[in-house]
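Notes follow the structure.
Rule-based calculations on the coordinates, nothing more; no lab input. Fair warning: this is a prediction, and the values are worked out from it, not measured in the lab. Here the Cβ positions follow ideal geometry from the backbone for every residue, glycine too, while neighbour counts run over all protein chains shown.
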Amino acid sequence: MGFDTVSEIKNEQLSDAIHREKGKLFNFINGKMPSVEDAEDVLQDVFFEFVESSRDDNPIEQIASWLYRVARNKITDWYRKRKTERFENKVIANDDEDEPLLLSDILSSVELPADDKMLLKVISEQLTEALELLPAKQKDVFVMHELEGMSLKQIAEITEVPIKTVISRKHYAVSFLREHLRELYNELLN
């Protein structure tokens, strides 16, 4: 009987904390996400992690701080995982048929010379290798800005650092990539 009482108290405390923080936390998340649906998904992930963490024997001391920290991490994870839509997957309007055409359907009929395919592969591999050598914070800013199309202001809000820090990280990343890829660039020119 004592176990049920402890469990019931714990469940009530969880419920109270979720009810108390839900509105403010949603507003915080929603301000950093592109859509309400995405904000709701992140909020659900935060509360799921909260419930899972509460099952541990280590109680969460400052629930609000913990929730906001997890929310920031979940938002950052969401943007990292988000992949930009590939150019060849863009839909092209097709008035003659029922199904839309994908640009990849059209491009697949255009054959690149083997040399160009190899060149694209080498460039891609070199860039991937160079990105892996960057410090994590610089890499994240570069990827979010250049590959995911986020503005520097959005990145500053998500990472919760001043915009000048974001700009500095991007500058260092670009400088490093420029230097690391200089040899490849020179080879391509010759």
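Could you list, in their original order, any pairs among K22/K137; K81/K170; K32/K170; K22/K139 whose Cα atoms are separated by more than 28 Å? Write down the numbers at each step before the final one.
Working: K22/K137 30 Å; K81/K170 19 Å; K32/K170 20 Å; K22/K139 32 Å.
Going by Cα-Cα distance, K22/K137; K22/K139 fall outside the 28 Å limit.
Applying a 10 Å radius around every beta-carbon, put 120-133, 163-176 in order of their mean neighbour count, most first.
Going from most to least packed, we get 163-176, 120-133.
Starting from the Cα-Cα distance between Q13 and L152, subtract it from 0.36 nm times their residue separation and give me the gain in nm to one decimal. Spell out each step's value before the answer.
Details: separation 139, 0.36 × 139 = 50.04 nm, distance 3.91 nm.
My answer for the length gained is 46.1 nm.
Please give the net charge around F28, taking every other residue with its beta carbon less than 10 angstrom from that of F28, where Lys and Arg add +1 and Asp and Glu add -1. Display every interim value, and only then the final one.
Numbers: positive: K24, K32, R72; negative: E21.
Residues near F28 contribute +2 overall.
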